[in-house]
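Have a look at the structure below, then the notes.
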Amino acid sequence: MEQAFKLMYERLADFMMKNRDFDKASVILEAGCGMGQLTIPLVNRLRNIKESFKIIAFDISAVPYEGDLEILRKRIMKEKLKEFITPMKGNVRNMKAIDDANVDLIVSNELFCELNRNGLEQALKEFYRILKPNGQMAHGELSPIPENEAQKLVVQANAHSLETMEPKLEWFSPYSDEIAVLMHKIGFKNLVVKYFETNLKMDFDTAIRKLGEWKTDPVFIEEHLNDLQRYGLEYPIEHVIFCEK
């Protein structure tokens, strides 16, 4: 199953690169990079088209994600990518370590779902501040609208997580039109929403293991055992919002 996740992130890296001009980007910021699930595939693809670039791998690396940056640092050393990736710990709501107009391109995946509405607006304002004029962005989020019972279980399980960044989750993921309106209000232009098929399905055994990793309330798992056996879990489609400063 881990191979399926790896392939999904590789396809997502390809998807983002096809829809943004990475050739012009020397300084790229990945917001909420985690353990580098998307970072590493992006770097490996960029090395095929560019000789010189830097990815700032930015993450809060705190509960429930404490230690993620350290895992990424070990991956960077193991795969000899130190010259391309600079891990940086911080909060996307206040990226004081990064100067104004210093970044060519910003990407993220499943970051906005960790922020409430106020936090999302703060983060987008910070992105606007650090982007160079005409700088680009690409932000991916799982759709909050399930297409079937397996996807519905993923959405419901997220609401029963015992370990989250916010005291109470405000959403599974924000709707793409809500994000787009906020981006437009802040000043971003040329907004486009495209859809990425995750194609990630989990059978019962894998679903139970993943729910444990996601710190899902055991009561929820027990109450939905029959549904999990019948449907498993499936990631919803992902909407990716592209825009420019």
Condition first: touching a residue at least 60 places away in the same chain (Cβ under 8 Å) and either closer than 19 Å to K24 by Cβ or buried (at least 21 other Cβ atoms within 10 Å of the Cβ) (or both). Now tell me which residues in region 115-131 satisfy that.
L120, A123, L124, F127, Y128, I130, L131
Taking A57 as the residue in question, decide whether it is in contact with a Gly (Cβ under 9 Å, 6 or more places away or on another chain) and over 20 Å from E110 (Cβ atoms).
no
Checking T206 against (1) buried (at least 16 other Cβ atoms within 10 Å of the Cβ); (2) closer than 19 Å to M8 by Cα, which test does it fail?
(1)
In region 1-37, how many residues are hydrophobic (A, V, I, L, M, F, W, C) and closer than 20 Å to K201 by Cβ?
7
Being more than 13 Å from the chain's Cα centre (by Cα) and either hydroxyl-bearing (S, T, Y) or within 26 Å of A207 (Cβ to Cβ) (or both) is the filter here, so list the residues in region 38-55 that pass it.
I40, P41, S52
Enumerate the helices (runs of 4 or more DSSP H) found wholly within region 1-94, keeping only those where 2 or more residues are of a type in the set (D, E, K, R) and surrounded by fewer than 16 Cβ atoms within 10 Å (Cβ to Cβ).
2-19, 68-78
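No lab work stands behind these numbers, since they all come straight from the coordinates. The model shown is predicted, which means the values in this text are computed figures rather than measured ones. Don't worry about glycine lacking a Cβ; one is built from the backbone with ideal geometry, like all the others, and counts go over all protein chains shown.
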